[in-house]
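This report refers to the structure that appears directly beneath it.
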Amino acid sequence: MENVVRNAKEHFEKLVTEQLARIERMKKAEDWVDYSTLKPLIIGVAPGDGIGPEITKHADTILKFLLEDEVQKGKIEFRDIEGLTIENRAKLMKAIPDESLEQLKKCHVILKGPTHTPSSADLASGKWPNLESANVSMRRELDLFANVRPVKVPEQGIDWIFFRENTEGAYVLGSRGIRVTDDLAFDFCVHTKQGTDRILRLAFDYAKKTGLNRVSLVTKANVVKTTDGMYLNMAKEIAKNEYPEIKFDDWYIDIMAAKLIDPARQSEFKVFVAPNLYGDIITDEAAQIQGSVGTAGSANIGKRYAMFEAIHGTAPRMVETGRIQYADPTSIIKASAMLLNHIGFVDKAKKLEMALDVCAIYEKKLVITGRDTGVTGEEYAKYIMETIKDPNLEAKWKSYQ
Ligand code: IPM
Ligand code: MG
């Protein structure tokens, strides 16, 4: 018994020491990179697993088309990131193999297809070993602290943007809980003042910069009092002292999950900010409201690096039933538009966003359903590409507004 308690204490002590050291690193963190000064600005492309390589290929083609001139002038360079596959990760027993991480760190921004995280069924059947999610690991290794996910349904007045904290909360020690005894299991949720401050500020700054003027915080601070309570208190302080012009409100995750589908409320919400796990849950819900998780893009932003990805997973069921070619590339193409915006190509991003709107919301000449009742991802990507090339794109898009 004494041993059991001592082991748990030692484990906890180690975690506390590591987190205190992480705080010191955060305090020293450098300022935001200025992409306009880089020559070349390097875009890494990591295809991932399952449907990943297929959908990433389409996004990659569209990005290279939009950035053709910049590539030719040597302003932008594309690089393929190798080894970030479940086969290689399992072989090396690494969430991200060292060589892949080294390649990633030489890039400035990354476009990433979904990567497989071994499930409990994979572990039970021995198909894959226990590996941490490559996503979670990359967000931590590259300190991509903000997960930014926009969701739009114009006909319902929905124009939302989520700022999900990406490096803390229930995730930061996700693989390092303690199974104290057969009967007793602990996991940890960690929030730091520095980590909370930087995500809150990013959300408030965005609301201010864009004139959206409303920020809604999502926690469960009535129950999870210490960590979520810190979020709530800090958000209230920042809102009151630094952004008095912005309307701030706070919600608990359960009622927010309900209000997101309340037609009377939907159009009121603008900017959301949430700790990691709640942000994970409500962004899937929001993406479903928009159509499906296949339709939302996701940006993972840090001060030094940024990674753009599809919000969904590798779709193993599509792979098993031979439907890879029908996978919807919209999510990763939206992520590519976010990438363009982030590195300063706002006009090109706008063009791509307009083309996506025209194809998916307004014109719908081709429809993708994930099966042979619709077109293939390749046909759909071609449709998007032709729409981008259409000289009347802007006029067409405006006519639908
Ligand atoms: C996401 C995904 C990931 C997460 C998984 C794959 C670990 O659901 O990006 O939202 O929970 O963050
Ligand atoms: Mg998720």
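The values are calculated or read from the model by the stated rules, or taken from the named source; none is laboratory data. None of the values given here were measured: they were computed from a predicted structure. No Cβ is skipped: glycine too gets one built from the backbone with ideal geometry, and neighbour counts run over all protein chains shown.
Each residue in segment 383-401 was checked for being over 15 Å from LYS348 (Cα atoms) and of a type in the set (A, V, I, L, M, F, W, C), and 1 pass.
Considering LEU232, LEU200, LEU217, LEU212, which residue is aliphatic (A, V, I, L, M), more than 16 Å from ligand 2 (Cβ to nearest atom) and modelled with pLDDT under 95?
Values: LEU232 fails: modelled with pLDDT under 95; LEU200 fails: modelled with pLDDT under 95; LEU217 fails: modelled with pLDDT under 95.
The match here is LEU212.
Each residue in segment 295-317 was checked for being within 13 Å of ligand 1 (Cβ to nearest atom), among the small types (Gly, Ala, Ser) and not in a loop (DSSP other than H, G, I, E, B), and 4 pass. If you go through segment 149-160 and keep only what is surrounded by fewer than 24 Cβ atoms within 10 Å (Cβ to Cβ) and within 23 Å of HIS108 (Cβ to Cβ), you end up with just PRO150.
When LYS14 is tested against (1) within 30 Å of ILE368 (Cα to Cα); (2) more than 23 Å from the chain's Cα centre (by Cα), only condition (1) is not met.
Restrict the check to segment 16-36 and report whether at least one residue is touching a Cys at 6+ places or on another chain (Cβ under 8 Å), in contact (Cβ under 8 Å) with a residue 24 or more places away in the chain and surrounded by fewer than 20 Cβ atoms within 10 Å (Cβ to Cβ).
Here is the first cut: in segment 16-36, the residues touching a Cys at 6+ places or on another chain (Cβ under 8 Å) are none.
No.
Tell me whether segment 106-120 contains one or more residues that are at pLDDT below 95 and part of a helix (DSSP H, G or I). Yes, the conditions are met somewhere in segment 106-120. Checked against (1) away from ligand 1 (no atom under 16 Å from the Cβ); (2) at positive phi; (3) in contact with a helix residue (DSSP H, G or I) (Cβ under 9 Å, 6 or more places away or on another chain), GLY169 meets all criteria but (1).
Regarding PHE12, is this residue in contact with a helix residue (DSSP H, G or I) (Cβ under 7 Å, 6 or more places away or on another chain) and of a type outside the set (Asp, Glu)? Give the derivation first.
Values: in contact with a helix residue (DSSP H, G or I) (Cβ under 7 Å, 6 or more places away or on another chain): no; of a type outside the set (Asp, Glu): yes.
No, not satisfied.
Inside segment 260-276, residues that are touching a residue at least 60 places away in the same chain (Cβ under 8 Å) and within 16 Å of ligand 2 (Cβ to nearest atom) make up a count of 4. For segment 277-308, the set of residues classified as within 11 Å of ligand 2 (Cβ to nearest atom) and without any contact (Cβ under 8 Å) to a residue 40 or more places away in the chain consists of ILE281, ASP284, GLU285, VAL293, listed by residue number. Answer with yes or no whether GLU87 is of a type outside the set (Gly, Ala, Ser) and either touching a helix residue (DSSP H, G or I) at 6+ places or on another chain (Cβ under 6 Å) or assigned to a helix (DSSP H, G or I) (or both). So GLU87 fits the description; yes. Restricting attention to segment 121-132, the residues that are in a loop (DSSP other than H, G, I, E, B) and either buried (at least 17 other Cβ atoms within 10 Å of the Cβ) or under 13 Å from the mean Cα position of the chain (by Cα) (or both) total 3. Could you say whether any residue in segment 66-75 is loosely packed, with under 14 Cβ neighbours inside 10 Å, under 30 Å from GLN325 (Cβ atoms) and without any contact (Cβ under 8 Å) to a residue 40 or more places away in the chain? Yes, because at least one residue in segment 66-75 is loosely packed, with under 14 Cβ neighbours inside 10 Å, under 30 Å from GLN325 (Cβ atoms) and without any contact (Cβ under 8 Å) to a residue 40 or more places away in the chain. Contact map, segment 362-376: residues that are touching a residue at least 24 places away in the same chain (Cβ under 8 Å) paired with residues that are outside any loop (DSSP other than H, G, I, E, B), Cβ distance under 6 Å, separation 6+ or inter-chain. Pairs shown: ILE368/TYR380; GLY370/TYR326; ARG371/TYR326; THR376/GLN325; THR376/TYR326.
Please verify whether ALA287 is in a helix (DSSP H, G or I) and over 30 Å from ALA121 (Cβ atoms), treating the condition exactly as stated.
On the way: in a helix (DSSP H, G or I): yes; over 30 Å from ALA121 (Cβ atoms): no.
Against the criterion (in a helix (DSSP H, G or I) and over 30 Å from ALA121 (Cβ atoms)), ALA287 does not qualify.
For TYR326, the conditions (1) closer than 29 Å to GLU394 by Cβ; (2) surrounded by 22 or more Cβ atoms within 10 Å (Cβ to Cβ) all hold with the exception of (1).
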